[in-house]
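Trainee: Submitted below is the structure of interest, expressed as C-alpha cells.
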Amino acid sequence: RPACAMDWQVLTRELSLYLESQVRVGLFGSGVGLSLVLGFGVAYACYYLSSIAKKPRLVASNDRFCRFLEEYCPVVTETYYPTIWCWEGRVQTLLRPFITSRPQVQYRNELIKTADGGQISLDWFDNNDSLYYPDATTRPTVLLLPGLTGTSQESYILHMIHQSETLGYRCVVFNNRGIAGEELLTPRTYCAANTEDLEAVIHHVHSLHPSAPFMAAGVSMGGMLLLNYLGKTGRDTPLMAAAVFSAGWNVFESVESLEKPLNWLLFNYYLTTCLQSSISRHRQMLEKLFDMDLVMKARTVREFDKQFTSVMFGYRTIDDYYEDASPCRKLKSVGIPVLCLNSVDDVFSPGHAIPVETAKQNANVALVLTSCGGHIGFLEGIWPRKCTYMDRVFKQFVQAMFEHGNKIFSM
C-alpha cells in the first residue's frame, strides 16, 4: 500500500506538471493567449483614454473668473484620470468611504446655543502650529459642511482639513443638529432649505475672528445648504468665497434618480435607514410632534421627507419643500465667487439637472463638470488611498482665493 500510494502521488504530480505545460504552450507559448491579453489591454486603454479620461467642462460666463482659475487653480483645466479599474459613477460612490485613508485630526469641540433654545456642535481644527499664519487673529478660516448624515469624522472632511493644515489654515466643521453625538434640546433637526443654523454659525465664527479671511466649503447636502444660504444673502455675507462639491441641484430630479431600482438598492434604502438611525436616539424628544412609528416605516428618502422633514419645517407639501431646497432656484442671486464641482454620472445629482444655463447668467459662479467621479468619489490613481481629484480642487481653489482672491476681478 505505501508503494501504491507513492506511485499515485508521483503520477498525480507528473500529470499536473504536464497539464500546466500544455496550458502554457497552448495559450502563451503559441502566442494566442498573449495576443488576446495584449489586444484586450490595448482596446481597454484606447477606450479609457478616449472616453473616460477627459478634461472637465468649465462653465463660467466671467472671462476674468476663468482666467483666474486657469492661472491659480489649474487642476480644473487638466485631464482627470479616474482610477482605471473603478471609473463608473456608482462604483466610485460606493468605494470612496472604504478605500480612502482617514487622516488623524484632533478637534476642539464647541457647543453653541441657537435662538430657539437648541444647540449646534462645532468641531474646530485651530492649526495653532501654522508656520505660514502664526497669528491666530488673521489665520484664514475654512468652514466645512458635511453631507446629509455626515459629521466631522467623514473621510472627505478629514482630507479637506489635512489639505488646509498643509497651507496653514484653520478649519471648523458645522455638524447639523443631533448628528455628532450631542442631545437635541428642542424637537428640531435640519434640512437643506432652512439656513437659520448656518447663518448663526457663520455669524459666530466671524465674530470670533473678524480679521481672518473666511471661506466655506460644502459637500452634498452641505453644499446645497451653502448654496441656498448664498442665494438668500447675496453679497451680504462675511464669506469671501465658497466651494461646493457634489451638490444636488434639483431635488425632484435627485430623488427620481435615486428611486430607480438599482439606485434604490445600492443607495436609497441605505440612506433612508441612516436618516432613521440619526433620529432614533432622539425619539423621546421627537415623538412629541411626530408619529415616529410611521417615520420609521419609510423605505425611501422621499417617504422620510414626506413624513418627517417637510412636516418639521412647516411645508404644506413635500413638493413645496423640495422646490425650496433646490439650489438651482437661487443660483442667480449668489453674490460671491463660488466654484462647484459635479460629475455628470452622479446618481444623486443627475447630469441633466445641473443648471448650466443658469450658471452662465451669474458672473460669480463657475461649474466644473467631470465625465466620471460619481457622488463624492473622484478617485484617481491606481490605488486611490489618499488624495482625490476633489481634494486637489478644494486645495487649489481655497489657496487661490485666500492668497490671490483680490485679483479675481482685476485680471
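Trainee: Looking at segment 359-411, which of its residues are surrounded by fewer than 17 Cβ atoms within 10 Å (Cβ to Cβ) and assigned to a helix (DSSP H, G or I)?
Mentor: Glu403, His404, Asn406, Lys407
Trainee: Related question: Right, Ser155: surrounded by fewer than 20 Cβ atoms within 10 Å (Cβ to Cβ) and in contact with a Ser or Thr (Cβ under 8 Å, 6 or more places away or on another chain) or not?
Mentor: yes
Trainee: Name the residues in segment 60-98 that are within 19 Å of the chain's Cα centre (by Cα) and part of a helix (DSSP H, G or I), would you?
Mentor: Val75, Val76, Gly89, Arg90, Val91, Gln92, Thr93, Leu94, Leu95, Arg96, Pro97, Phe98 - these are the residues of segment 60-98 that are within 19 Å of the chain's Cα centre (by Cα) and part of a helix (DSSP H, G or I).
Trainee: If we scan segment 273-280, do we find a residue that is touching a residue at least 40 places away in the same chain (Cβ under 8 Å) and within 18 Å of the chain's Cα centre (by Cα)?
Mentor: Scanning segment 273-280 turns up at least one residue that is touching a residue at least 40 places away in the same chain (Cβ under 8 Å) and within 18 Å of the chain's Cα centre (by Cα).
Trainee: Within segment 346-362, does at least one residue satisfy the condition of being more than 29 Å from Leu239 (Cα to Cα) and not hydroxyl-bearing (Ser, Thr, Tyr)?
Mentor: yes
Trainee: To continue, here is another question. Quick check on my filter: what residues within segment 334-358 are open to solvent by 20 Å² or more (accessible area, probe 1.4 Å) and part of a loop (DSSP other than H, G, I, E, B)?
Mentor: Across segment 334-358, the qualifying residues are Val344, Asp345, Phe348.
Trainee: When you look at Cys46, is it within 30 Å of Val393 (Cβ to Cβ), at pLDDT 95 or above and under 37 Å from the mean Cα position of the chain (by Cα), yes or no?
Mentor: no
Trainee: Looking for whichever is closer than 25 Å to Tyr321 by Cβ, open to solvent by 40 Å² or more (accessible area, probe 1.4 Å) and of a type outside the set (Val, Ile, Thr) here; the options are Glu165, Glu199. Which one fits?
Mentor: Glu199
Trainee: How many of the residues in segment 115-140 are open to solvent by less than 20 Å² (accessible area, probe 1.4 Å) and in a loop (DSSP other than H, G, I, E, B)?
Mentor: 5
Trainee: Which of the residues that make up segment 302-333 are under 23 Å from His282 (Cα atoms) and part of a loop (DSSP other than H, G, I, E, B)?
Mentor: Result: Phe313, Gly314, Tyr315.
Trainee: Would you check if Ser101 is assigned to a helix (DSSP H, G or I) and out of contact with any strand residue (DSSP E or B) (no Cβ under 6 Å at 6 or more places or on another chain)?
Mentor: So Ser101 does not fit the description; no.
Trainee: State whether the residues of segment 319-332 include one that is more than 20 Å from Leu226 (Cα to Cα) and not small (Gly, Ala, Ser).
Mentor: yes
Trainee: Here is a further query. With (1) farther than 23 Å from Val142 by Cβ; (2) touching a helix residue (DSSP H, G or I) at 6+ places or on another chain (Cβ under 6 Å); (3) open to solvent by less than 40 Å² (accessible area, probe 1.4 Å) as the list, and Thr309 as the residue in question, which single condition is left unmet?
Mentor: With respect to (1) farther than 23 Å from Val142 by Cβ; (2) touching a helix residue (DSSP H, G or I) at 6+ places or on another chain (Cβ under 6 Å); (3) open to solvent by less than 40 Å² (accessible area, probe 1.4 Å), Thr309 is out only on (2).
Trainee: Can you name every residue in segment 225-270 that is open to solvent by 50 Å² or more (accessible area, probe 1.4 Å) and in a helix (DSSP H, G or I)?
Mentor: Lys232, Phe252, Glu253, Glu256, Pro261, Leu262, Trp264, Leu265, Leu266, Tyr269, Tyr270
The values are calculated or read from the model by the stated rules, or taken from the named source; none is laboratory data. Small disclaimer: the values here were computed from a predicted structure and weren't measured. No Cβ is skipped: glycine too gets one built from the backbone with ideal geometry, and neighbour counts run over all protein chains shown. Just so you know, the surface numbers come from the protein's heavy atoms only, side chains and all, with ligands and any DNA or RNA stripped out. Shrake-Rupley method; radii C 1.70, N 1.55, O 1.52, S 1.80 Å.
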